[in-house]
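Notes for the one structure printed next.
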Amino acid sequence: MLTKGLNKVELAPEAKPRTVRTGRAIGGLKYDWIMAVQIFWLVGGVHVDGWAHSHVPGLETFFTPWHALFYTGLLAIGSFLAATLVGNHLRGYAWTQAIPAGYGLSLVGVIIFSLGGIGDMVWHTVFGIEVSVEALLSPSHLTLATGGVLIASGPLRAAWLRGGRAVSFYKLLPMLISATMLLSIFTFFTVYGSLFATTWPATNRQVYTRQLMELNVSIGLTSLLFQSGLLMGLTLLLMRRWQLPFGCLTLLFAANTGMVTFMRDKQLSTGVFALVLVGLVTGLAADMFIRQFQPSSERRTAFRVFAALIPALLYSLYFLALQLSGGTWWTTPVWTGSIFLAGAVGLMISYVALPPRIPAEAGPDLN
């Protein structure tokens with residue numbers, strides 16, 4: 001009997017060895033879509049929280065429905081990435097290869113954002129709720145911004161690493177959502193320097209002392225230059241990587257403008273709709289220019305013209321919107337000159353995105 005039992009044990013089939021997979025786990029378009037939706041949840045929630053801080057008086061606690069909105073978005077993203085990591089490891093991928101390409105930094109971003117959230121709760125408990133510009137510059141909020149940038153740019157990085165320059169609008173849409181949310185994080189944390197967040201040139205912002213006039217114009221011009229650089233920096237980066245289908249820049253410009261103006265509607269003399277229309281029309285013009293002239297590294301003149309034209313058009317339409325909704329107190333030399341400078345910023349950014357060709361050496365160095 002004992003022998004038979006031992007024989008049974010000896011003859012029992014051996015456990016299958018664990019499958020070991022080489023290379024990195026694959027995400028794919030479906031994975032990008034899931035991440036893009038959750039990123040919109042997170043970043044959209046941050047903007048709703050920003051709206052609440054200007055519309056709900058006496059907001060003096062960390063525990064609010066608006067904080068819950070974007071922190072649940074963070075929880076969804078963190079859970080999804082963690083499930084991916086563990087699930088792919090159990091399928092045989094090494095821990096370092098278990099997150100799809102492009103999303104490793106998003107997981108790091110979740111950790112940073114979570115630490116920033118804990119720090120934010122402590123900060124608010126000790127120092128209270130910040131207001132105005134100080135709310136955007138507190139260490140805990142800048143930690144949240146850093147984590148948010150790493151999270152939001154995940155689908156953009158993933159799409160960047162895949163082959164192909166000419167990709168359909170549908171396949172690029174998760175990347176576009178990612179890029180829009182990335183830009184919106186930057187514009188959220190720099191609303192103190194944005195003419196789409198505060199209409200400084202509007203008639204109702206007019207001041208009458210020389211010193212205050214110069215201060216108002218200086219803030220407005222600096223805002224215009226800075227935001228032109230942000231917008232065109234990201235736009236030209238996308239254009240260098242992809243042959244953008246029609247509608248891509250319409251989505252980017254209109255959605256970003258909509259998120260900023262929704263949050264800051266009380267600071268706008270034009271109302272939200274007029275400025276969203278400015279972003280929409282500029283985006284349509286940008287898409288039409290790309291379709292017609294195909295700016296690229298091979299068509300450098302078109303690339304430079306695009307880079308200068310689009311920010312100049314954006315702020316031309318901006319000042320038109322101001323004129324139609326109460327006017328501007330900025331003098332004609334100031335507002336026309338600011339449009340020119342917006343175009344100049346775009347042009348200079350184009351030389352960073354697409355540097356001039358360096359000529360080959362014609363002979364030995366004689367210096």
| task | Using label points projected 7 Å from each Cα along Cα→Cβ, tell me how many nm separate residue 118 and residue 266, to one decimal. | result | 3.4 nm
| task | Would you kindly derive the ³J(HN,Hα) couplings of region 271-281 from the backbone phi angles with the Karplus curve 6.51 cos²θ - 1.76 cosθ + 1.60 (θ = phi - 60°), listing them in order in whole Hz, with x for Gly and Pro? | result | x, 6, 4, 4, 6, 5, 5, 4, x, 5, 5
| field | For 275, 136, order by how many other beta-carbon atoms lie within 10 Å, fewest first | value | 136, 275
| task | Compute the length gained on full extension between residue 324 and residue 225: take 0.36 nm times their separation in residues and subtract their Cα-Cα distance, giving the result in nm to one decimal. | result | 33.3 nm
| field | Backbone HN-Hα couplings from phi across region 170-185 [Karplus 6.51/-1.76/1.60, Hz, Gly and Pro as x] | value | 4, 5, 8, 4, x, 5, 5, 4, 4, 5, 5, 5, 4, 4, 5, 5
| query | So how far apart, in nm, are the two label points at residue 64 and residue 207 if each is 7 Å from Cα heading toward Cβ? | reply | 2.7 nm
| query | Using a Gaussian network for the chain with springs between C-alpha atoms less than 10 Å apart, which of these wobbles most: 297, 132, 223? | reply | 132
| remark: Plugging the Cβ-Cβ distance of residue 360 and residue 294 into 1/(1 + (r/R0)^6) at R0 = 35 Å yields, to the nearest 0.05, a FRET efficiency of 0.85
| Rounded tilt (10° steps) of 2-11 against the dominant C-alpha axis of the chain | 40 degrees
| task | Assuming R0 = 30 Å, can you tell me the calculated FRET efficiency for the pair residue 344 and residue 111, based on Cβ-Cβ distance, to the nearest 0.05? | result | 0.15
| Between residue 352 and residue 19, 0.36 nm times their residue separation minus their Cα-Cα distance comes to what? | 115.2 nm
| request: Of the options 38, 192, 28, report the single residue whose Cα projects farthest towards the positive end of the charge dipole of the chain (beta-carbon charges: Lys, Arg +1; Asp, Glu -1). | output: 28
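Rounding to the nearest 20 debye, state how big the charge dipole of the chain is about its Cα centre with +1 on each Lys and Arg Cβ and -1 on each Asp and Glu Cβ.
Dipole of the chain, to the nearest 20 debye: 1300 debye.
Among rounded, prolate and oblate, which fits the chain when a ≥ b ≥ c are the square roots of the eigenvalues of its C-alpha gyration tensor, a/c under 1.5 means rounded, and a/b larger than b/c means prolate?
Judged from the Cα gyration tensor, the chain comes out oblate (a/c at least 1.5, b/c at or above a/b).
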| Nitroxide proxy distance, nm - points 7 Å out along Cα→Cβ at residue 161 and residue 95 | 1.9 nm
| query | Out of 24, 210, 304, any idea which swings most in a Gaussian network model of the chain, alpha carbons joined below 10 Å? | reply | 210
| said: Please compute the contact order of the chain in relative form: average sequence separation of alpha-carbon pairs under 8 Å and at least six residues apart, divided by the residue count, as a percent. | reply: 15 percent
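Values in this text are rule-based calculations from the coordinates and carry no lab data. A quick note: this is a predicted structure, and the numbers were derived from the prediction, not measured. Backbone-built Cβ (ideal geometry, glycine too); neighbour counts: all protein chains shown.
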